[in-house]
1. For Asn252 and Ala9, what is the calculated FRET efficiency with R₀ set at 25 Å and r taken between the beta-carbons, to the nearest 0.05?
2. In a shell of Cβ-Cβ distance under 15 Å around Ile155, excluding Ile155 itself, what net charge do Lys and Arg (+1) and Asp and Glu (-1) give?
3. Got a sec? Charge dipole of the chain, +1 on Cβ for Lys and Arg, -1 for Asp and Glu; which of Phe125, Gly11, Ala139 is way out at the positive end?
4. Report, largest value first, the span of the C-alpha coordinates of the chain along each principal axis, in whole Å.
5. Can you tell me how much longer the chain between Ala23 and Val97 gets when fully stretched, taken as 0.36 nm per residue apart minus their C-alpha distance, in nm with one decimal?
6. Go through region 31-105 and name the trypsin sites (Lys or Arg not before Pro) that are in a DSSP coil and have 13 or fewer other Cβ atoms within 10 Å of their Cβ.
7. What's the ranking of 111-117, 212-218, 75-81 by average number of surrounding C-beta atoms within 10 Å, highest first?
8. Evaluate the distance, in nm, between pseudo-label points positioned 7 Å from the Cα of Thr47 and of Val262 along their respective Cα→Cβ axes.
Amino acid sequence: MSGSVLFDAPGPRARVRNGVITAITVLLALLALWVVYSRLQVKGQLTAEKWEPFLTANLWTTYIMPGVKGTLTAAGVSIVLALALGLLLGVGRLSRVLPVRWLCSVVVEFFRAVPVLIMMIFAYFLYALYGVFPGEYLALAGVITGLTLYNAAVIAEIVRAGVAALPRGQTEAAWALGLTWGQTMRSVLLPQAITSMLPVLISQLIVVLKDSSIGFVITFVELVRQGTQVGSAYGNYIPALMVVAALMISVNLTLSWLATWVEGRMRRSRRGTAPLQAEAVEQEGAPGATVSSPRRSQDV
C-alpha cells in the first residue's frame, strides 16, 4: 500500500484533472510575469543604464554595505538577547512559584501586545532623553530594544508550548528519580523541547531579521532604507529594490538552511541506551539480573 496518509491517491481521471490544472496555473504565472516584465520595459526600468550603478564600487561602499552591516548587526544582537530573555521568561511561566509565574506572564503578554515600532520609538526617545547611549548609537539601541522585547515574548510562548507538548511521563520519571523542578527542567525537559522547537524558533529569528527594516522610522541605517536612497540618488527605484530583495532573500535562505542543518545534527546526536551484550548477560547468570550498559542513556 503506497497511498498517502494525508489524502487518497488520485485515480486516472483525477491525475488528468490535476495535470490540466497545473498546466493552466503555470501558464497564468508565466503570463503574469510577462505582463510585469513588459510594463517595466515600457517604463524603462530594465534598461542597462538603470543597472550600471550596481557595477560600481562606490554604490556598494556608500549605500549597500552600510545597510547590510546595520541590518545584520541589529538582527544578530537582537537574536541573541531575545533567545536568552525568551528562554528565561518561558521557563518562568512554567515555574511552580506563583509570583514568578505571574510576573513572567504579565511581561510576556504586555510585550506581545505592544507593536514593535512603538517600542522602537519609545526606546529611542527615552535613550535620547537620558543620554544612555551616544548619538550615533541611539537608533541602533532603539531598534535592538524593540526587536528584543517583542521577540523575547514570542519565544517565551514557543518555549512554554514546546515544554508543555512533551509527554507528562518525562516529568514524572524525573521526579521519581529524585530530581528537583530545576534539575528536571534543565536536564530532561528543555533538551528535548529545544529540538522540536527549533524550526519555529528559526522562523521567528527570520522575522527578527525582516523587522529590522522598521528602524528606518528612527533614522536607523538598514538595508531597505539604503535601497530607497539608492533609488533616489540614481533614479532606479525598481532595480534598487530588486537588489535589496535579492540580498534579503539570500540571507533568509542561508538562515533557513543553517536551521535545517542544526536540527539534523541535533537529532542525529541523540543517543539511546546501548543494547546489552550477550556475554554480559551470560556472566550474570540470573534471568532477571541487572546489567550495566557501557553507555548511559541521556533520556529519562
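1. Efficiency, from the Cβ-Cβ distance: 0.10.
2. On the way: positive: Arg93, Arg112, Arg160; negative: Glu109, Glu157, Asp211.
With Lys, Arg at +1 and Asp, Glu at -1, the neighbours total 0.
3. Gly11
4. 87, 70, 35
5. Numbers: separation 74, 0.36 × 74 = 26.64 nm, distance 5.98 nm.
Stretched out fully, the Ala23 to Val97 stretch lengthens by 20.7 nm.
6. Working: sites: Arg39, Lys43, Lys50, Lys69, Arg93, Arg96, Arg101; in loops: Lys43, Arg96.
Of the trypsin sites (Lys or Arg not before Pro), the ones in loops of region 31-105 whose Cβ has at most 13 other Cβ atoms within 10 Å are Lys43, Arg96.
7. On the way: 111-117: 15.0, 212-218: 21.1, 75-81: 18.7.
Going by the mean number of other Cβ atoms within 10 Å, highest first, we get 212-218, 75-81, 111-117.
8. About 4.7 nm, to one decimal.
The values are calculated or read from the model by the stated rules, or taken from the named source; none is laboratory data. These numbers were taken from a predicted model, which means no experiment stands behind them. Here the Cβ is made from the backbone with ideal geometry for all residues, glycine too, and neighbour counts use every protein chain on show. Side chains are part of the model used for accessible areas, which takes the heavy atoms of the whole protein and leaves out ligands, DNA and RNA. Shrake-Rupley method; radii C 1.70, N 1.55, O 1.52, S 1.80 Å.
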